[in-house]
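Since the structure comes first, as structure tokens, the remarks are kept for the end.
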Amino acid sequence: MNLLKLLDKMCPDTNSPEEKDMFFSRREAFRQFGDMSKKVAMAAVPLGLLSALPRVAKADTASLIGVLNFALTLEHLEYRYYQTGIESGVIDGADAAIFNKIRDHELAHVNFLTEVISNVLMGTPVAEPGFDFTAGGNFSPFTDYPTFLALSQAFEDTGVRAYKGQAGNVMENDVVLTAALSIHSVEARHASMVRRLRTKKGQDTVKGWITNGSNGTLPAATQAIYTGEENVTHGGVNVVNLTGIDAGAVSEGWDEPLSKDQVLGIASLFLA
Amino acid sequence: MKNELIKPQGLVKNANRRQFLKTGSLSVAAAGLFLVGCNDDDDMMPPMDGGVKLGSGDIGILNYAYALEQLEAAFYAAVLTGSYFANASAEEKTIMGDLEKHERAHREFFKAALGDAAIADLEVNFSAIDFSNRTSVLMAAKTFEDLGVAAYNGAGQFIENVDYLVIAGKIVSVEARHAAAIRDLINPGSADFAGDDLIDANGLERTLNFTQVLTAASAYVTTPIDFSQLPS
């Protein structure tokens, strides 16, 4: 399949009179090779395969790179956190399978996003920042297991909200949107697991889902991660009034997005 | 998951045969359940007797979500009346009770949001599930939750209105939280909550398209669902 040819056919020149139709053309073009996204990222993208894209949508590409670098920053944080935790020996042997799997996923996300940014969007992936997981000496996640679990929950719940908040910013690119959604749900699975694990160990009473915007027994500094999760009105419909289901359960049924600035505000606590 | 694609002659009769054969996406699952899928918006497929038509564009996708939420809500409602639930541990009672509320809330939300465009109530058939048996219930819950996540992840790219996309995003992560919890109940402490059967080497969860999802759902939904106008 000749993707370049396909793209040339489907994506009109930026300067052409068809410019006004570009939105649809671009969506269609991305859609055509949407099924290939996984293979593309896996197998070192043939150089130039997608170089036609910046030509048809430079501004959008820059914006996509920005969003994906934001996501990559969070994935760097998560990967480094779990890798350091595993190396430190703080994790209970009984929970090793869980955190090895989460670490593997975060590393895969780092590699995937790096690949897409550099070889699909022809951008520059952000380097891994320096992290301070003690947040200035306030936490000891690598010597105290409950703290390790608490920050793990905080990072996963933040990740879910962060990806959700960017969905609208990547929706013109079906490949990137679908990939982002497919990472988003993995982060949510992690979050559910870690939340329930903490409760099983008697460290909290949180469930796999977030109730009324509560941060449970997490440190007060994490409240920003949960504020807004108490929302029960969606698309103008107050679901408590609609159904008579209690507000706690309704709040659990919908996760809320966070903006990039809100997420960076949270993440900045852990930047060295 | 049913993989066999069978062409039911009765349904083809009045359809635009050329378009139909071109896309070749008619699926028939067990027990006389019909699922119809064509790529063209202007196909000649008449509404099926007793069936529902999801419609086109974002409305069609919202109805698609509504159909899945109807299925999930009906399932958990049945779970709560069964003897597995009556004898379940406190933790599992809490989880099943929560999931019933969440899915009922999702269902009612979509129904209200769709208004006049909402499809009718779907008929379900859970005879394959033993609601007195823990394993049977949990395996079915796993199927429904994993299916829901893959369905939303696969449909996202077809949503045009950003508000709808965000609402779908708000729901899909909760479905993923459910799925992880159910999987952990089945295989506690393992990596199955985010298992390799769903998540690939890039750390991406699987997506399923409309045909795959509705074919899987048709094992439990007896109302014929016409999704021929959904975007592609």
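Points worth noting:
- Only residues that are more than 8 Å from chain B (Cβ to nearest Cβ) and out of contact with any Gly (no Cβ under 7 Å at 6 or more places or on another chain) were counted across the stretch A:108-122, and they come to 10.
- Pairing residues of the stretch B:156-169 that are farther than 12 Å from A:VAL170 by Cα with residues that are at pLDDT below 95 and polar (S, T, N, Q), at Cβ distances under 9 Å and at least 6 apart in sequence or on separate chains, gives B:PHE158/B:SER232.
- Filtered by the rule that a residue be under 18 Å from A:GLU252 (Cβ atoms), under 21 Å from the mean Cα position of the chain (by Cα) and part of a helix (DSSP H, G or I), the stretch A:174-214 gives A:HIS184, A:SER185, A:GLU187, A:ALA188, A:ARG189, A:HIS190, A:ALA191, A:SER192, A:MET193, A:VAL194, A:ARG195, A:ARG196.
- Summed over the stretch A:81-120, the residues that are in a loop (DSSP other than H, G, I, E, B) and surrounded by fewer than 16 Cβ atoms within 10 Å (Cβ to Cβ) give a count of 2.
- Residue within the stretch A:208-218 that is surrounded by fewer than 24 Cβ atoms within 10 Å (Cβ to Cβ) and either among the acidic types (Asp, Glu) or facing chain B (nearest Cβ under 7 Å) (or both) present: no
- Residue that is aliphatic (A, V, I, L, M) and more than 9 Å from chain B (Cβ to nearest Cβ), where the choices are A:VAL170, A:VAL239: A:VAL170
- Selection status of B:ASP116, touching a residue at least 60 places away in the same chain (Cβ under 8 Å) and more than 25 Å from B:LEU198 (Cβ to Cβ): no
- Those residues of the stretch A:100-123 which are free of Cβ contacts under 8 Å to residues at least 24 places away in the same chain and either of a type in the set (Val, Ile, Thr) or within 26 Å of A:ALA150 (Cα to Cα) (or both), in sequence order: A:ASN100, A:LYS101, A:ASP104, A:ALA108, A:ASN111
- Within the stretch A:187-207, the set of residues being touching a residue at least 12 places away in the same chain (Cβ under 8 Å), buried (at least 22 other Cβ atoms within 10 Å of the Cβ) and facing another protein chain (nearest Cβ under 9 Å) comprises A:GLU187, A:ALA188, A:HIS190, A:ALA191, A:SER192, A:MET193, A:ARG195, A:ARG196, A:LEU197.
- Test result for B:VAL213, within 14 Å of chain A (Cβ to nearest Cβ), within 20 Å of B:ARG107 (Cβ to Cβ) and in a helix (DSSP H, G or I): no
Per-residue answers, yes or no, for (1) within 9 Å of another protein chain (Cβ to nearest Cβ); (2) under 20 Å from the mean Cα position of the chain (by Cα):
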{"position": "B:LEU147", "(1), (2)": "no, yes"}
{"position": "B:GLN157", "(1), (2)": "yes, yes"}
{"position": "B:ASN161", "(1), (2)": "no, no"}
{"position": "B:ILE167", "(1), (2)": "yes, yes"}
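- Just one of (1) at pLDDT 80 or above; (2) under 18 Å from the mean Cα position of the chain (by Cα); (3) at positive phi fails for B:GLN70. It is (3).
- Qualifying positions in the stretch B:193-232 - within 25 Å of B:ILE129 (Cα to Cα) and more than 15 Å from the chain's Cα centre (by Cα): B:PHE193, B:ALA194, B:GLY195, B:ASP197, B:LEU198
- Note on the stretch B:75-107: among residues that are more than 17 Å from B:THR143 (Cα to Cα), touching a helix residue (DSSP H, G or I) at 6+ places or on another chain (Cβ under 8 Å) and of a type in the set (A, V, I, L, M, F, W, C), the one that is surrounded by the fewest Cβ atoms within 10 Å (Cβ to Cβ) is B:LEU80.
- Selection count, the stretch B:185-201, where residues are part of a helix (DSSP H, G or I) and either in contact with a Leu (Cβ under 7 Å, 6 or more places away or on another chain) or more than 8 Å from every other protein chain (Cβ to nearest Cβ) (or both): 3
Conditions tested, residue by residue: (1) out of contact with any strand residue (DSSP E or B) (no Cβ under 9 Å at 6 or more places or on another chain); (2) in contact (Cβ under 8 Å) with a residue 24 or more places away in the chain; (3) more than 9 Å from every other protein chain (Cβ to nearest Cβ).
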| position | (1), (2), (3) |
| --- | --- |
| A:ILE98 | yes, yes, no |
| A:PRO125 | yes, yes, yes |
| A:THR143 | yes, yes, yes |
| A:PHE155 | yes, yes, yes |
| A:SER185 | no, no, no |
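- The stretch A:80-96: number of residues that are free of Cβ contacts under 8 Å to residues at least 24 places away in the same chain and more than 9 Å from every other protein chain (Cβ to nearest Cβ): 5
- In the set (1) more than 19 Å from A:TYR163 (Cβ to Cβ); (2) buried (at least 21 other Cβ atoms within 10 Å of the Cβ); (3) touching a Gly at 6+ places or on another chain (Cβ under 9 Å), the condition left unmet by B:ASN209 is number (2).
- Scanning the stretch B:216-229 for residues that are free of Cβ contacts under 8 Å to residues at least 40 places away in the same chain, more than 7 Å from chain A (Cβ to nearest Cβ) and surrounded by 19 or more Cβ atoms within 10 Å (Cβ to Cβ) turns up nothing.
- The set of residues in the stretch B:71-88 that are within 14 Å of chain A (Cβ to nearest Cβ) and in contact with a Leu (Cβ under 9 Å, 6 or more places away or on another chain) comprises B:GLU72, B:TYR76.
The values are calculated or read from the model by the stated rules, or taken from the named source; none is laboratory data. Not measured: the values here are computed from a predicted model. Glycine also receives a Cβ, built like all others from the backbone with ideal geometry; neighbour counts cover every protein chain displayed.
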